[in-house]
Protein chains: 2
Amino acid sequence: MQKSVNRVVLEVTAKEPAPGRPLLDLVLAVPRPIMLKKIFTQAASLGVGHIFLVNANRVEKSFFSASLLQDNNYRKYLLHGLEQSVDTMLPSVSIHKRFRPFLEDELPELMHDYSACLVAHPDAPLLHKIAADTLKGAVLLAVGPEGGWIDFEVEKFREQDFTEIGLGKRILRVDTAVVSLCAQLSFLKKLGGGQGRA
Amino acid sequence: MQKSVNRVVLEVTAKEPAPGRPLLDLVLAVPRPIMLKKIFTQAASLGVGHIFLVNANRVEKSFFSASLLQDNNYRKYLLHGLEQSVDTMLPSVSIHKRFRPFLEDELPELMHDYSACLVAHPDAPLLHKIAADTLKGAVLLAVGPEGGWIDFEVEKFREQDFTEIGLGKRILRVDTAVVSLCAQLSFLKKLGGGQGRA
């Protein structure tokens, strides 16, 4: 540590590695701001790497102009999540106001980075039907708005080779669904890893 | 439907069965009221059957006298969760102000109802080390307060043959931990069921 009249220089020594990351990114139809705050905090605490905020038919246009999404105001909610889980890697966030250009033009480029691309949709097969070994790399998970994706949107995800996954008969709030799916994916990845090593 | 000047009698015909229940009960060290509201709603939406609210060393005494826990004031938060998941079975709640009598005198009687009794504890083996076939019946899951159970409490759970399970290196908020563990248990029970039928 150096100290002088005008400045203090701290040297940081990281004694322990950051907690393991589930290698999970989210595509999230923009929810209402109060819900989005909860998801930012919980997604950061669960180690999500990137959050793509996208439009969808059932997203209210006003959600994009929420003050939460201006000037990085959402940053503090991500930091709360990191503090909670003693992590240091801030999830990055990008905003995509047009659904179709995102899916048709941007996603195909991004998808090379993922070993599995999943879209949450009611009544789709549950996650345990997914082969654990397809989840060995990074996973991209798309979660719809309250009320779900409309058929057109699910069709667009299908065209991009996303696999539909469900959470059973219970209709969950978006934040509960995000945490549940992250927990199950993390679990399934560990099962896959266990099988791989065995 | 019968109608008269003074009353209307509605007859309800349930056309569809209620959503499947994960057969999961919770032992929960009483968290602060704002957190408990979140957990009540999310636990109800996930189909938890009973919530035992218990004391623990890191529970503030004032939490037991919170207005939320008087006169069934918590009921509306449970109802929110049921409405969300289109369920009709209200979780029941019981309050146990003394940890040791609950664990030593009440729990042993209750435990016959469960095929597995688990206590969440950092650094314990992850849930995927649990044999899925022990989860075929009802599961009782104990989740500690912020800061976790103290050693004495974990020891008491051990004496009652609870199995310790962890959620990995990340330290999660109590509500995130409850949803994550419920999701993973529900997942693991489905895996077990699948193996059982195969």
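The values are calculated or read from the model by the stated rules, or taken from the named source; none is laboratory data. Everything quoted here is computed from the prediction, not taken from an experiment. Virtual Cβ from ideal backbone geometry, glycine too; neighbours counted across all protein chains shown. Heads up: the accessible areas ignore ligands, DNA and RNA and are worked out on the full protein's heavy atoms, side chains in. Shrake-Rupley method; radii C 1.70, N 1.55, O 1.52, S 1.80 Å.
Numbers at a glance
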item: Qualifying residue in segment B:134-145 (condition: within 19 Å of B:Asp25 (Cα to Cα) and touching a Lys or Arg at 6+ places or on another chain (Cβ under 6 Å)); result: yes
item: Residue selected from segment A:57-84 under the condition assigned to a helix (DSSP H, G or I) and of a type in the set (A, V, I, L, M), by the criterion farthest from the other protein chains (Cβ to nearest Cβ); result: A:Leu69
item: Any hit, segment A:12-23, residues being open to solvent by 20 Å² or more (accessible area, probe 1.4 Å) and modelled with pLDDT of 95 or more; result: no
item: Residue in segment A:124-145 that is closer than 17 Å to B:Val86 by Cα and either touching a residue at least 12 places away in the same chain (Cβ under 8 Å) or within 14 Å of chain B (Cβ to nearest Cβ) (or both) present; result: no
item: Test: residue in segment A:88-102 that is away from every other protein chain (no Cβ under 14 Å) and in contact with a His (Cβ under 6 Å, 6 or more places away or on another chain); result: yes
